[in-house]
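What follows is one structure encoded as structure tokens, with my remarks underneath.
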């Protein structure tokens, strides 16, 4: 988006950047229906948007809100019949039709609001950097950052206060580590990795050998390797492998409060939503989606493009391409039927007791004769 990027670079931060609907549509390859000269100042939700705001609809269940929103413009699916929008004649709605409305709106958000900015490069005199550590060009290293012996920090990395990089760890270029992140010894982060506050990369795996009633710690001598463009949420833990590497593939996005156990192999471009827990030595394929609070037992293999609904409990291997839900996890359509039956259990139990009473009465009469 060179034209918009150029406009942003020439505008002072305190001066709002506005674009016409036509300009935004051109940048995302969309089609304008309505007033393309309307100026847009910010992105906003449908319910709170005003005449200078732009919003979006990608889920059909929110289509009805197009009839009432006060937004100046809304990004919608190119397949939507705009004539189905029932607006008062004195309150027409300008829309941008796009093949992928969610992604188009993301591009518009970047254009209008930009990405989070970071401080200019500097190395604070209040940080603690070991003499053998190597620091790349144009890094920002905040006060109270600790970087251990033999670490390597790539160019343009951003390390906020309280970050600790332990001995032998390596970060490739353009990584961003927010306050109080800990990267344990010998772990490796690829390019453009983002780690949110409080995450721990490479802490010891949960490995103990029980002998005569006593739990003995197993040394965890492996590490963690994160691929390029991985993002890790706040307070998430990725355990180091016992002997080799816990791997997270490129492009994978991990939410807040997730635990990835030791020796796990997480594929490329996965989405692991908040509070997912994956026990040790489990493997996911590429483009796997695990919704909130999904639990995965140890030594499980999950195939490419599997999608697991929230709170699924995965206790056995899952073939590629399946949509699953429930505990234990089953086909998603079957899971919906099973859980619908749960709501009928009180009535079923009542009817069963009535049948049992009638049957007992019949047996009693039969025995009398």
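The values are calculated or read from the model by the stated rules, or taken from the named source; none is laboratory data. If you're wondering where the values come from, they're calculated on a predicted model, not measured in any experiment. For neighbour counting, all protein chains shown are included, and Cβ atoms are generated from backbone atoms with ideal geometry for every residue, glycine included.
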Index of the failed condition, residue 316 passing every other in (1) farther than 19 Å from residue 273 by Cβ; (2) part of a helix (DSSP H, G or I)
(2)
Looking for something within 25 Å of the chain's Cα centre (by Cα) and part of a strand (DSSP E or B) - is there at least one such residue anywhere in segment 140-151?
no
(1) touching a strand residue (DSSP E or B) at 6+ places or on another chain (Cβ under 9 Å); (2) closer than 28 Å to residue 193 by Cβ; (3) outside any helix (DSSP H, G or I): which one isn't true of residue 109, the others all being true?
(3)
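Residue-by-condition table, conditions (1) in contact with a helix residue (DSSP H, G or I) (Cβ under 6 Å, 6 or more places away or on another chain); (2) surrounded by 15 or more Cβ atoms within 10 Å (Cβ to Cβ); (3) assigned by TED's automatic domain parsing to the domain that holds residue 253; (4) in contact (Cβ under 8 Å) with a residue 24 or more places away in the chain:
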site: 285; (1), (2), (3), (4): no, yes, yes, yes
site: 289; (1), (2), (3), (4): no, yes, yes, no
site: 306; (1), (2), (3), (4): no, yes, yes, no
site: 315; (1), (2), (3), (4): no, no, yes, no
site: 319; (1), (2), (3), (4): no, no, yes, no
site: 326; (1), (2), (3), (4): yes, yes, yes, no
site: 358; (1), (2), (3), (4): no, no, no, no
site: 362; (1), (2), (3), (4): no, no, no, no
Considering only segment 243-272, state which residues are part of a loop (DSSP other than H, G, I, E, B) and surrounded by fewer than 20 Cβ atoms within 10 Å (Cβ to Cβ).
243, 244, 250, 251, 256, 257, 268, 269
Since residue 130 meets every condition but one in (1) buried (at least 18 other Cβ atoms within 10 Å of the Cβ); (2) in contact (Cβ under 8 Å) with a residue 24 or more places away in the chain, which condition does it not meet?
(1)
Would you be able to say whether some residue in segment 83-95 is touching a helix residue (DSSP H, G or I) at 6+ places or on another chain (Cβ under 9 Å) and at pLDDT 90 or above?
yes
When residues of segment 170-190 are filtered for being more than 25 Å from the chain's Cα centre (by Cα) and either on the phi > 0 side of the Ramachandran plot or buried (at least 20 other Cβ atoms within 10 Å of the Cβ) (or both), how many remain?
1
So residue 236, is it crowded, with 22+ Cβ neighbours inside 10 Å and either out of contact with any strand residue (DSSP E or B) (no Cβ under 7 Å at 6 or more places or on another chain) or over 21 Å from residue 185 (Cα atoms) (or both):
no
When every residue in segment 34-79 that is part of a loop (DSSP other than H, G, I, E, B) and under 23 Å from the mean Cα position of the chain (by Cα) is compared, the one surrounded by the most Cβ atoms within 10 Å (Cβ to Cβ) is 57
